[in-house]
Every structure is written in structure tokens, then in C-alpha cells.
1. May I ask for the distance between the Cα centers of segment 225-290 and segment 155-170, given as a whole number of Å?
2. Tell me, Thr217, Thr156 in order of fewest to most beta-carbon neighbours within 10 Å?
3. In the neighborhood of His49, defined by Cβ-to-Cβ distances under 10 Å, what is the net charge if each Lys or Arg adds +1 and each Asp or Glu adds -1?
4. Is any helix in the chain, taking whole DSSP H runs, at least 18 angstrom long along its axis by alpha carbon and on average at least -0.5 on the Kyte-Doolittle scale, and which ones?
5. Under the definition of Cα pairs under 8 Å and six or more residues apart, what whole-number percent is the relative contact order of the chain?
6. Near Leu97, within a Cβ-to-Cβ distance under 13 Å, what is the net charge of the other residues, with Lys and Arg +1 and Asp and Glu -1?
7. What is the fewest-to-most order of Cys87, Cys258 by other Cβ atoms lying within 10 Å of their Cβ?
8. Give the cross-link partners of Lys237 among the lysines, using a straight C-alpha distance below 24 Å as the criterion and excluding same-chain residues fewer than 8 apart.
Amino acid sequence: MSSTAFMDISYLSQVSPSGQAGRKGNQDNFLVIAPSGKAVCLKRREQYHFTHQSWPEGQYRLVVSDGIGGGRHGGEISEELIEALSCVGHFSEQNLLCSFLDDLHHEMQQRWNPDRLKEGATLTLLESQTPNQVQLFHVGDSRLFEISQSRVNCLTLDHSLATRQVVAGAITSEVVWEQAIFDPDRPSSELLCQAFVLGSAMAPESRNFRPTLFPLTEERLPWFLADKADRRLIRLKAGCLYLLATDGFWHLPDSMSCIRQAPELYQNSRDSEDFLQQLFALLKKQTPDRWLGDNCTAIAFQLKPEAV
């Protein structure tokens, strides 16, 4: 757990909420770099603490990543991605951050996925710009939530078939899109169309995966999703807690049953660490017996009152 001068930050990663996993080991990963340069990630599936020697004072980087594809390479790709982000310096401008990550995607793809194997990793990253403003870079189906005491708002788009149908104009209603995304019984809620290293089939004209990523910009999205673009600045709000999480939190028979209760947990939590402990306990409680839960990783954070 980590606390900084202006942020209250906590993190936790588990193989499965029930202690059982459908695949061996934890293919998730995460990275927290605090303004002091103190940092933590997973290395060989164990927490690894280190200091980023050239990290500027007052900045932070928060990342979650989920190795995908069902084979061993997904977790290795996720770990290599996190390792690269552990070494590179802070990006003060979003165009520099995006350019670096696009280049890293291309370079890793040449080594890991030359034959277009369906393996890769999700990546949802926040890079501080000012104490209450962050740069978002998002690819895949990990999520960023904004949680108040009365509601929860998902700030990212899953790069799934349902979102691809929105981009193509086949879905024209936010209600229909939400039903497709959050209903676990619909195939469109599971089929991933874009990830780091994997490439992208998000473009309307795409019939197969293409090597380059297809950022969902405001211009490419309909009006009802235009505020959820993949690469944008986000202003953090006082009185809200933010949750970066991998899909183990909604890999449930009722996919949003855990996240729906986040506002109540936030009301009753002392800080981000207490919130995460309650969230993981709730997830374990709501995981049915013999349910092979997915890896679950989360970073919870909020502005301290003095930073507002």
C-alpha cells in the first residue's frame, strides 16, 4: 500500500477471489509509481518494490494490465509491458505518452505475435499532469471507474464486439450498448477486439485483426459515448474514489453485482486501503462455490483534501 503527498493510493492483486483459478497463476499485473519515485509492480507473480531513480517529484503513474489469450504468453506479455513502463521516465504531454506506447506496442508485437496469435495484454494507464488531472491511455477491457457516495461511472470503453458495433453504427443507443457490455450472457460482452500486442479489429471495415491499434477518439464515437475516448485528459474530482481494475471483478454470474455496491463501500471506508479490502471481501462473498474466478487486480485512489 502506498500514500503520497496529495493522493491516497492502494493496490491489491489476487489469482482468484475464491482461491481457485481457471488457469495457473496470475496473468494480471500492475504498476504504481509514487511522486517520491517509490514503486511497486508484480515480477514473476510476486510483489516487487523498487525506486525509479529519475522520477520527477510530484508525479505518479498508475497501471493495470491483464494478460490475455488463455496461454502462458499473455502473462509474460503483461509483465514485459509493465517492466518497460517501470523504466521509462514521466511523460508531461499526452502526445509523447501515446507515441511511446504505440511504438512499444509495435516493437513487442514484432517479437511476441508475428503470426497473429491471439495473445496480448490489456493496458489502462494514468499518468499525472497536474495534481488533479491525469492522462489516460486505454486499450482492452480493463476499466477505470469513478465512484461517489451515490453512484458509479465507468470512464472507459471495453474494446469488445459491442463497442465495435457502436463504432460501425450497428448499435445506436446507449441503453442497448450497456445491455450488451454488462450482460454476461451475451457473447458480445466477452469477445475482445483490441489489445496491446494483439492488434485491433475495432475499425468498422476490419474483418481480421490489424497490427496497429485503433484509438477510439471523440470523433470516432457517437455522441452518447464521446466523453469516454481512449486517450484523453481526466480531471479528478474531490469526494470521489477512482478504481482501476481488471475483469476479474465482473467475471461473475451477475457481472456488475460487485461494482454496483462500490458507492456503499466508499461511504463506509476510512481510506482507499479499507475500500479495497471491503471490495475484495465482497467479491469473494459473491463468487459462487466451484466458480473458477478470474485473476483480479485493482488500484484504488483518491485526492487528499489538501490537494483540492
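1. Comparing the Cα centres of segment 225-290 and segment 155-170, I get a distance of 21 Å.
2. Thr217, Thr156
3. That works out to +2.
4. Once both thresholds are applied, what remains is 72-87, 272-286.
5. With pairs under 8 Å counted, the relative contact order is 24 percent.
6. That sum, taken over residues with Cβ under 13 Å, equals -2.
7. So the ranking, lowest neighbour count to highest, is Cys87, Cys258.
8. Lys228, Lys304
No lab work stands behind these numbers, since they all come straight from the coordinates. On a predicted model such as this, the values are computed, not experimentally measured, just so you know. Neighbour counts are summed over all protein chains in view; Cβ atoms, including those assigned to glycine, are modelled from backbone coordinates with ideal geometry.
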